[in-house]
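K.L.:
My questions all concern the structure below.
The values are calculated or read from the model by the stated rules, or taken from the named source; none is laboratory data. No experiment lies behind these values; they were computed from the predicted model shown. Using ideal geometry, Cβ is built from the backbone for each residue, glycine included, and neighbour counts are taken over all protein chains shown. The protein model used for the area step is the full one, side chains on, heavy atoms only, and it has no ligands, DNA or RNA in it. Shrake-Rupley method; radii C 1.70, N 1.55, O 1.52, S 1.80 Å.
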Amino acid sequence: MGRPHPGVDRGVVIVGSGMAGAQTAMALRRRKYPGTVTLVGAEAELPYQRPPLSKEYLKGSLEDGGLLLRPAQFWAEHEIELVADVEAVRIDRMAQHITLSDGRKLPYAHLVLALGAENRSLPGVPVPRGVLGLRTIGDARALRARLQHGRELVIVGGGFIGMEVAAAARERGARVTIIEAMDRIMARVLSEEMSQYFSDRHREQGVQILTACEVARFSGDRHVTGVELADGSQLPADTVLIGIGVSPNTELADACGLEVAGGIVVGADLLTADRCISAIGDCALFPDPVSGASHRLESIQNATDQAQQVAKRLTGDGAGYDAVPWFWSNQYDLKLQIAGVAPSGGQSLVRGDPAQGSFSVCRFDGDRLAAIESVNRPADHIAARKLIGTEAARRLSRDQLADPTVPLRSLVLSPVA
Ligand code: ADP
């Protein structure tokens, strides 16, 4: 059998055992990659799924075992070497090896950086020890233990994590207040219409949402007792969660001279300027095939699809990365699905009736349909994933889009000129 690339079958080292890293290892084995596959992760746990941590796991409808990506024996059976509970601290590009925090060196023929992101810390405010964040299973355990009836939970940040936790906490009977710096929740990703819809639903469920609002200080230490806002008002609290977004883990790449610009810079092939190093998932800044602009995405779809793409390339099948991004969020009984990425401030139209709890918001970048956000309209979402990124998306009839009786999939097949 010919080698796809000289030397590649000497071994792939993947740094980061989150979804992107673990899926790369799995895809390499599925595609019969012949060399060694080593997956290095800072966490002690076997690779697990993060999305349920702010949803089912918090509510108690899913336990630790249900989070595992694969059963424990899977990794050995597939000859994937897990190097857990240890960090990569240095990349030596000349020697083609990484150094681990325990001093070991791992040589690579190809290195995949799937380093993920870490929670941003609140700027300008001393944060007591008892304040929680949510990224790991350990974080979720600590938060879950505190979500009981009558608890007073304050969440700083009304993004996806904050609002999913708010929903789970209300379902468990805690009182919840959101402190959001912007003038609406989930503004980084959602249209104004969809933000408003979710605000209304959360308020109906008893969540207090404070927008354009900032924390001045916390009181308490291991046990937080309250939050003071910038306008001087006081909020009672016994549990505080900070969920103000993430920053990509790029230090390792930066320190070895790879280009970093708010993410590790890669081309459509997901390679850095060093052809022996790829970067994927939350840490990678890659060109959007539709707009051409570079962007970084924090989603399971992106992590999984980029993992597949790198595994394909390393096994001799090298197309560019052009998947349509999609995301989801579950809050109460609402299933929010998003296909595509829209610029903020673009035009939008509503399809269906929000009052019926089933509608979509179509968002535009100029004339191009850039994203569709759907609540309880799965058919719109499936069609959107086919439509966005095609030529048809540039010349759709807005009347047809706005008419909920016209199936979106009919526009995929026969766009109106
Ligand atoms: P995640 O997906 O981790 O929830 P997002 O970026 O979706 O991250 O959401 C983070 C939210 O936190 C955003 O709505 C952002 O406006 C808000 N935020 C950022 N900084 C602050 C702050 N200092 N105080 C309150 N909210 C903040």
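K.L.:
Can you pull out every residue in segment 114-163 that is within 21 Å of Ser199 (Cα to Cα) and among the acidic types (Asp, Glu)?
P.N.:
Glu152 - this is the single residue of segment 114-163 that is within 21 Å of Ser199 (Cα to Cα) and among the acidic types (Asp, Glu).
K.L.:
Restricting attention to segment 188-198, which residues are open to solvent by 10 Å² or more (accessible area, probe 1.4 Å) and within 15 Å of the ligand (Cβ to nearest atom)?
P.N.:
Hits for segment 188-198 are Arg188, Val189, Glu192, Gln196.
K.L.:
Next question. Considering only segment 241-263, I want to know if a residue exists there that is more than 13 Å from the ligand (Cβ to nearest atom), open to solvent by less than 10 Å² (accessible area, probe 1.4 Å), at positive phi and not aromatic (Phe, Trp, Tyr).
P.N.:
Looking for residues that are more than 13 Å from the ligand (Cβ to nearest atom), open to solvent by less than 10 Å² (accessible area, probe 1.4 Å), at positive phi and not aromatic (Phe, Trp, Tyr), one finds at least one in segment 241-263, hence yes.
K.L.:
Please find, among Ile179, Ile185, Ile161, the residue that is more than 6 Å from the ligand (Cβ to nearest atom) and buried (at least 19 other Cβ atoms within 10 Å of the Cβ).
P.N.:
Within the list Ile179, Ile185, Ile161, the selection yields Ile185.
K.L.:
Another one. Please go through (1) at pLDDT below 95; (2) acidic (Asp, Glu); (3) exposed (fewer than 14 other Cβ atoms within 10 Å of the Cβ) for Asp238 and return the number of the only condition it doesn't satisfy.
P.N.:
So Asp238 meets the others, but not (3).
K.L.:
A further question follows. Does Glu171 satisfy being more than 15 Å from the ligand (Cβ to nearest atom), surrounded by fewer than 22 Cβ atoms within 10 Å (Cβ to Cβ), touching a residue at least 24 places away in the same chain (Cβ under 8 Å) and within 28 Å of Met19 (Cα to Cα)?
P.N.:
yes
K.L.:
Let me ask you something else. Give the residues of segment 129-151 that are farther than 21 Å from Gly41 by Cβ and away from the ligand (no atom under 16 Å from the Cβ), sorted by residue number.
P.N.:
Within segment 129-151, Arg129, Gly130, Arg144, Ala145, Arg146, Leu147, Gln148, His149, Gly150, Arg151 meet the criteria.
K.L.:
Taking segment 273-289 only, how many residues are open to solvent by less than 50 Å² (accessible area, probe 1.4 Å), touching a residue at least 60 places away in the same chain (Cβ under 8 Å) and either among the hydroxyl-bearing types (Ser, Thr, Tyr) or part of a loop (DSSP other than H, G, I, E, B) (or both)?
P.N.:
Residues meeting the conditions: 4.
K.L.:
Taking the options Val375, Val361, Val350, name whichever one is of a type in the set (A, V, I, L, M) and open to solvent by 50 Å² or more (accessible area, probe 1.4 Å).
P.N.:
Only one candidate passes the filter, namely Val350.
K.L.:
Taking Ala42 as meeting all but one of (1) more than 23 Å from Arg275 (Cα to Cα); (2) modelled with pLDDT of 95 or more; (3) open to solvent by less than 50 Å² (accessible area, probe 1.4 Å), write down the number of the exception.
P.N.:
(3)
K.L.:
Determine if segment 291-305 includes at least one residue that is in a strand (DSSP E or B) and open to solvent by 40 Å² or more (accessible area, probe 1.4 Å).
P.N.:
yes
K.L.:
Which of the residues belonging to segment 1-29 are assigned to a helix (DSSP H, G or I) and either at pLDDT 95 or above or among the hydroxyl-bearing types (Ser, Thr, Tyr) (or both)?
P.N.:
Met19, Ala20, Gly21, Ala22, Gln23, Thr24, Ala25, Met26, Ala27, Leu28, Arg29 - these are the residues of segment 1-29 that are assigned to a helix (DSSP H, G or I) and either at pLDDT 95 or above or among the hydroxyl-bearing types (Ser, Thr, Tyr) (or both).
K.L.:
Near the ligand (Cβ under 9 Å from one of its atoms), within 19 Å of Glu214 (Cβ to Cβ), open to solvent by less than 40 Å² (accessible area, probe 1.4 Å) and of a type outside the set (Lys, Arg), is that true of Gly124?
P.N.:
In short, no.
K.L.:
Please work out if Gly389 is more than 22 Å from the chain's Cα centre (by Cα) and at positive phi.
P.N.:
No: the conditions fail for Gly389.
K.L.:
Would you check which residues across segment 90-101 are free of Cβ contacts under 8 Å to residues at least 40 places away in the same chain and either under 29 Å from the mean Cα position of the chain (by Cα) or within 18 Å of Gly18 (Cβ to Cβ) (or both) and list them?
P.N.:
Result: His97, Thr99, Ser101.
K.L.:
For the subset of segment 253-265 comprising residues that are touching a Cys at 6+ places or on another chain (Cβ under 9 Å) and touching a residue at least 60 places away in the same chain (Cβ under 8 Å), which member is farthest from Ala293 (Cα to Cα)?
P.N.:
Ala253
K.L.:
I would also like to ask the following. Quick one: which of Gly60, Gly130 is on the phi > 0 side of the Ramachandran plot and of a type in the set (Gly, Ala, Ser)?
P.N.:
Residue meeting the stated conditions: Gly60.
K.L.:
Filtering segment 203-224 down to residues that are more than 13 Å from Val125 (Cβ to Cβ) and open to solvent by 90 Å² or more (accessible area, probe 1.4 Å), which residue is nearest to the ligand (Cβ to nearest atom)?
P.N.:
The residue in question is Arg203.
K.L.:
Quick check: anything in segment 329-341 open to solvent by less than 40 Å² (accessible area, probe 1.4 Å) and free of Cβ contacts under 8 Å to residues at least 24 places away in the same chain?
P.N.:
Checked segment 329-341: no residue is open to solvent by less than 40 Å² (accessible area, probe 1.4 Å) and free of Cβ contacts under 8 Å to residues at least 24 places away in the same chain.
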